[in-house]
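Everything on this sheet refers to the single structure shown next.
The values are calculated or read from the model by the stated rules, or taken from the named source; none is laboratory data. Keep in mind the model is a prediction, meaning the values are calculated, not measured. We place every Cβ from the backbone using ideal geometry, glycine too, and count neighbours over all the protein chains shown.
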């Protein structure tokens, strides 16, 4: 089983994305967070717990309270203390080259996925981690 | 010199070669001196005095590089000389004629080249004095180069005629030192710049008419300093004090100092000079004198200021463009992605209940898209609405109208309002903007109230010079400005977990305020509250 954390405030998008992933593979579990801060707080609380830590994080950029960029700043500090390696993908509707370049310059970011999530991308992600 | 005679220059050049070869060895120091003046005036790094010979172009005198020959054929230069014997190439790197020419050494790829011709007694061009730079040229006035080249021509001719008269006399051009002094003063007096030379105690040794046009004053100042001059002319000592500081700075250093100096002329028009001071020392490092000069750069300064304004406008426009890109790429694209996915699932679904659920989800997505689109159109209209008319706005009316609209939210939270428009009850502003601005600020203050206390919202105006400053302060949630300060007024920025927050309001308010030349800023502390300030400019006329 692969565990996926989805950090995105758009409830409809979260629902549709989960539905797409489920139809592609049954080998996954999900958890979603409405903003970056909720996700960071939870990750801190389970930093030692390899059972609960995710294999994949899908991170939206535009969110209230703590957006994706701020999350990345915090997560860069937190990551060395996380007891299980994972893949982090930016998952955004932005098609701005500036956003894409900026995201790819961050070491922790594996890739920049432009919404919506496609089947082949899901399989690639799940098989890769 | 006439253009038609260019061909004969090339022919006569050959004859001139042999004239130049011998005399130059004796006048080398004088040519070096001329070249030094040209280089200092221009501020460029490289200069040469060069002559056409049968071995190619020879640099008789050179500063900034270290080869004696130019490789490549350069007679094409003669074709480019203007009627007064000058030629300027702003970028020879892109110029085919220059392709096979290497002017200096490998270390300097020359880009800018300007020269003035040096002629023999018959008026034939035998060489030139040039200024060079590795950066391309960007305009500038090199009039003095022509004058200096004339002096070089005179030197060369003089030395040749003297040599012709007497081969034995090898002592050069000038027999008496008086001639030499007159010669140099002639140059300095005719240069269209201010020149002053000081002794190590900051007393004047020399000033040229460019610096002080009145001959009597020019005589008076020799041997005196700026303080004595200021006293004599009944002027403030401030200028003398500032000059003394600069002088000491130059006198105590080994490098030249330069600065820009703006003064008003008698008509009150600002004139800007680029001034330089450089110390001259002997071999033991003792200060001999300090040479100062200034060039009028007023025109360049005006251009620079115009450019700075343009750059600022452009960067504002660029920010706005980026903002729009962000809306299109995120705020508009996000609901579209949802819609297309929903439609796809609706098509694929074979279960009626499931299909109904999906259709229900379409509604908020469409509303979201609709809302964003409306706001986008509205903000574009603000930017295009240059014709929008200001009118007298009685602020109380607009606040009351807004409070009526926000009645439900205000009552629900038991909000209290304190309004004080005594200092400036009326402003001059477009009615539709001010309504939207007040509505945004008040609804924000209510929306982001602290749940544990009743909202207290203060609205006030005060006068400041020609402006009126409107402030709206609340005791609400506040914002961490260190974290959000930079992106505060951007589109889609939401700082609280509040389902009504779309993040468009402040962007709109800012756009409307700035469209009328005003400014908006915020002071805030988390959990204490926020105060928004808006400065409405040009409110002087209304004594209302």
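Of the helices (runs of 4 or more DSSP H) lying entirely inside region B:318-426, the ones with 3 or more residues being over 29 Å from residue B:463 (Cβ atoms) are found at B:333-348, B:352-384, B:407-412. Scanning region B:335-347 for residues that are at the interface with chain A (Cβ under 8 Å from one of its Cβ atoms), more than 50 Å from the chain's Cα centre (by Cα) and either touching a residue at least 12 places away in the same chain (Cβ under 8 Å) or surrounded by fewer than 20 Cβ atoms within 10 Å (Cβ to Cβ) (or both) turns up B:342, B:345.
Applying the selection to region A:1-44, what residues are in a helix (DSSP H, G or I), more than 10 Å from every other protein chain (Cβ to nearest Cβ) and out of contact with any helix residue (DSSP H, G or I) (no Cβ under 6 Å at 6 or more places or on another chain)? A:14, A:18, A:22, A:39, A:41, A:42, A:43, A:44, listed by residue number.
Listed here are the residues, each with its yes/no results for (1) surrounded by 14 or more Cβ atoms within 10 Å (Cβ to Cβ); (2) farther than 21 Å from residue B:528 by Cα.
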site	(1), (2)
B:404	no, yes
B:409	yes, no
B:416	no, no
B:419	yes, no
B:428	yes, yes
B:435	yes, yes
B:444	yes, no
B:463	no, yes
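Of the set (1) closer than 30 Å to residue B:143 by Cα; (2) at the interface with chain A (Cβ under 10 Å from one of its Cβ atoms), all apply to residue B:332 but (1).
Could you please find all residues in region B:342-366 being in contact with a helix residue (DSSP H, G or I) (Cβ under 8 Å, 6 or more places away or on another chain) and over 21 Å from residue A:117 (Cβ atoms)? Scanning region B:342-366 gives B:355, B:359, B:366.
Of the strands (runs of 3 or more DSSP E) lying entirely inside region B:104-201, not one carries at least 2 residues that are crowded, with 17+ Cβ neighbours inside 10 Å, over 41 Å from the mean Cα position of the chain (by Cα) and modelled with pLDDT of 75 or more. On inspection, residue B:397 passes the criterion of being assigned by TED's automatic domain parsing to the domain that holds residue B:509, out of contact with any helix residue (DSSP H, G or I) (no Cβ under 7 Å at 6 or more places or on another chain) and modelled with pLDDT of 90 or more. The residue that is surrounded by the fewest Cβ atoms within 10 Å (Cβ to Cβ), among those in region B:272-287 that are over 17 Å from residue B:203 (Cβ atoms) and in contact with a strand residue (DSSP E or B) (Cβ under 6 Å, 6 or more places away or on another chain), is B:282.
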